[in-house]
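Peer 1: Provided herewith is a single structure, encoded as structure tokens, for subsequent inquiry.
The values are calculated or read from the model by the stated rules, or taken from the named source; none is laboratory data. As the structure is a prediction and not an experimental result, all values here were calculated from the model. So basically every Cβ, Gly included, is an ideal-geometry build from the backbone, and we count neighbours across all protein chains shown. The protein model used for the area step is the full one, side chains on, heavy atoms only, and it has no ligands, DNA or RNA in it. Shrake-Rupley method; radii C 1.70, N 1.55, O 1.52, S 1.80 Å.
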Amino acid sequence: MIGYLARRLLGLIPVLLGITLISFGVMKLAPGKPTDAAVQFNPKASFEARERMEKLLGLDQPLHRQYLRWLGRVVRFDFEVRPGGLFDRLTTVLVFIGYSAPGFWLALLAIGWFGVTLRWFPVSGLHAIDHEAMGLLRRGLDVAWHLALPVGVMTFVGLAGLSRYARSGMIEVLRQDYIRTARAKGLPERRVLFRHGLRNALLPIITILGLSLPDLIAGSVVMETVFSIPGMGRLFYDAVMARDQNVVMALVTIGALLTLLGNLLADLAYAYADPRIRVRGGR
Amino acid sequence: MKKVPGTFPALRSTRYFGNRLAATGAAVLLLLAVIAVCAPWLAPYDPLAVNLPEALLAPSPAHWLGTDPLGRDVLSRLIFGSRISLLIGFIAVGVAVVIGTAVGLLAGYAGGRCDAALMRLVDTMLAFPSIFLLLAVIAILEPNIYNIMAVIGLTSWMGVARLVRAEILSLKERDFVLAARALGASPLRLMVRHLLPNAMGPVLVAATLGVGGAILTESVLSYLGLGVQPPTPSWGNILNEGRVALGIAWWLTLTPGVCILVTVLAFNLLGEGIRDGLARR
């Protein structure tokens, strides 16, 4: 089993290399240089300035050297994530789409495609019909198999929202003086980004996570209805449809309490993660 | 070259890119508004005309986007559905902006106990997962388009209230407000003439993003059967009716979702564009 996994992972390497090679090749085959916009169409830029700029960007190096340099960055997940970079634009667009798409619609599409057409995953419910007869392990796998689609869709929708905040947080943090200090100290860019930048940019995410608890519950109402999963959300929907006011009121209250609990946990986690809040002694 | 955010090419391209996206969003919305207004002339069929022999037809030259389980033309229903979505989106947000602005203005200006009480109200409202409130209230009332607009508005004003309050708190200490007060302006005049107009920027952003959110909410409600009631077409209930034919009639699931996605995306892009524009001032 482990040998199989290792083989599969090793098998992925040439594919990944091929992908990077093609993306690099396409970019380099496209006419024009990244410096053109800044230099060539600027009559004030001297020839020397242009050469200096190309040298800075490593464009004076032979192609294979440029590729290896870029590959080195890819391995470190350094896609030049800066405002306006290609990776930034691409993810911004994807995230915007994920953020704007109705989750239940993505769920319907997933059911239609992966469930009905391809028959990879079950389309509804939490168990197979014969789950009573299964052993513990099989039963667990059965539940996981049933949950793959709903969890996958909800993750994508949640991810889109979170990465928006992460992006704006990161952009904000990278403007700070201490980032300039870290760079000026000559720290490697990776260390600046992940240790000095990301750690601070993640702070607001804690709050967002706490605040997103109601969204999760709300999402579960829709998702559990779409996937016929017998959870709290589905119970709420059924209660509303049956005008079962007691259940409705109970669940509305529980939902609100969970939200408050989420906010509290977020505040505590925030204080734990950010010493400045602890030192100030809180509110 | 080290990546220094704010160096000239990077920053400039972001702005250009952002502007272009916002302009695209605005163009899409304009087109959508035209479609909604001209729906009766644009729709090739009556969106309510049942024609059972032609049920669940795949897209063809006669029915560009196919037909639904009752043989109704999907394109015509989508075109008329745009009216419902935009109407609900704008009116619900209108309700939210009016309530939110009033609460925020009052809390920020009055301060003290009034402020504390209003902000606890906001906190309380925010504690409820909004879909719970929406579903519960609509089930008690009656799912029709007016109730939906009112309830979406009544459950989404809190963000605006917080924004306005924060703006007012910083504005009311500014010199021009103090000057107006020294000249003897009444509290009402101060609030309406001096404070409010200067606090509207963030509200405009929140409102633009909010319309997209309200349209999403309407589609969820209609999908759950608690929104716009059939036979009136809305993007959400077309999806609901397509559910029974999932896997057979992909056009019933795909097309309304794309409409919602594109519309909400356009509002989000425009809203972010306005925000960037305001931030740059």
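Peer 1: Measuring from label point to label point, each 7 Å out along Cα→Cβ, what is the B:Gln229 to B:Ala58 span in nm?
Peer 2: 3.7 nm
Peer 1: Ok, one more. Does anyone have the angle between helix B:145-154 and the longest principal axis of chain B? Alpha-carbon axes, 0 to 90°, nearest 10?
Peer 2: In chain B, helix B:145-154 runs at an angle near 30 degrees to the longest axis.
Peer 1: Would you be so kind as to list the residues of segment A:246-272 that have their accessible area lowered by at least 50 Å² in the full protein complex compared with their chain by itself (1.4 Å probe)?
Peer 2: SASA drop of 50 Å² or more in segment A:246-272: A:Val252.
Peer 1: Next question, about the same structure. Grab the eigenvalues of the alpha-carbon gyration tensor for segment B:20-78, scale each by 5, take roots, and send me the semi-axes largest first in whole angstrom.
Peer 2: In descending order, the three semi-axes are 28, 12, 8 Å.
Peer 1: Per-residue mean of other chain beta-carbon atoms within 10 angstrom of the beta-carbon, peptide B:119-132? Don't skip to the answer; put the middle values down first.
Peer 2: Working: counts 0, 0, 0, 0, 2, 2, 1, 6, 11, 8, 18, 5, 12, 15.
What the average comes to for B:119-132 is 6.
Peer 1: Here's a follow-up. On the protein heavy atoms, probe 1.4 angstrom, tell me the percent of accessible surface of chain B carried by carbon and sulfur.
Peer 2: Values: 8860 of 12770 Å².
Ligands and nucleic acids excluded, carbon and sulfur give 69 percent.
Peer 1: Taking only Cα atoms and a 10 Å spring cutoff, compute GNM fluctuations for chain B and point out the largest among B:Glu241, B:Glu167, B:Glu54.
Peer 2: Top of the fluctuation ranking is B:Glu54.
Peer 1: Determine the gain in length on full extension of the stretch A:Arg191-A:Tyr178; use 0.36 nm per residue of separation and subtract their C-alpha separation, reporting nm with one decimal.
Peer 2: So the extension gain works out to 3.4 nm.
Peer 1: With every protein chain kept in place and ligands, DNA and RNA left out, what is the accessible area per residue of segment A:86-177? Probe 1.4 Å, answer in Å².
Peer 2: Values: 5230 Å² over 92 residues.
About 57 Å² of surface per residue is accessible.
Peer 1: Hey, another quick one. Looking only at B:Ala150, B:Ala249, B:Ala179, which one moves most when chain B is put into a Gaussian network model with springs between Cα atoms under 10 Å?
Peer 2: In the Gaussian network model the winner is B:Ala179.
Peer 1: What whole number of Å gives the distance from the Cα centroid of segment B:86-160 to the Cα centroid of segment B:167-189?
Peer 2: 27 Å
Peer 1: Give me the angle, in degrees from 0 to 90, between the Cα long axis of helix B:250-280 and the longest principal axis of the Cα atoms of chain B, rounded to the nearest 10.
Peer 2: 20 degrees
Peer 1: Given a Förster distance of 60 Å, report the FRET efficiency between A:Arg138 and B:Ala33 from their Cβ-Cβ distance, rounded to the nearest 0.05.
Peer 2: Numbers: r = 55 Å, r/R0 = 0.92.
So the FRET efficiency works out to roughly 0.60.
Peer 1: Further question on the same structure: Kindly express, to the nearest 10 degrees and within the range 0 to 90, the angle between helix B:196-223's C-alpha long axis and the longest C-alpha principal axis of chain B.
Peer 2: Value to nearest ten degrees: 30.
Peer 1: Take peptides A:129-136, B:72-79 and line them up by average Cβ neighbours within 10 Å, highest first, as a rough protection proxy. Before the final figure, lay out the partial values.
Peer 2: Details: A:129-136: 9.5, B:72-79: 24.1.
In decreasing order of mean packing, A:129-136, B:72-79 become B:72-79, A:129-136.
Peer 1: Now for a different question. Calculate, for segment B:83-268, the solvent-accessible area per residue in square angstrom, rolling a 1.4 angstrom probe over the heavy atoms of the protein chains.
Peer 2: Dividing the accessible area of segment B:83-268 by its residue count gives 40 Å².
Peer 1: For the pair A:Asp238 and B:Val50, what calculated FRET efficiency results from E = 1/(1 + (r/R0)^6), where r is the Cβ-Cβ distance and R0 = 30 Å, to the nearest 0.05?
Peer 2: With R0 = 30 Å, the Cβ-Cβ based efficiency is 0.50.
Peer 1: Mind checking the mean number of beta-carbon atoms from other chains within 10 Å of the Cβ atoms in B:236-244?
Peer 2: That works out to 2 on average.
Peer 1: What does the structure give for B:136-142 when I average, per residue, the other chain Cβ atoms found within 10 Å of the residue Cβ?
Peer 2: Partner Cβ neighbours, averaged per residue: 3.
Peer 1: Shifting gears a bit: Compare the peptides B:44-51, B:194-201 by average per-residue count of other Cβ atoms within 10 angstrom and give them in order, highest first.
Peer 2: Ranking, from highest mean packing down: B:194-201, B:44-51.
Peer 1: Let me ask something additional. Per-residue HN-Hα couplings for segment A:175-189, Karplus 6.51 cos²θ - 1.76 cosθ + 1.60 at θ = phi - 60°, whole Hz, x for Gly and Pro?
Peer 2: Rounded to whole hertz, the list is 7, 6, 4, 5, 5, 5, 4, 4, 5, 5, 5, x, 5, x, 4.
Peer 1: Using only protein heavy atoms and a 1.4 angstrom probe, determine the accessible area buried between B and A, summed over both sides, in Å² to the nearest 100. Intermediate results must be reported in sequence, preceding the final value.
Peer 2: Details: alone 14970 and 20120 Å², together 30810 Å².
Interface between B and A: roughly 4300 Å².
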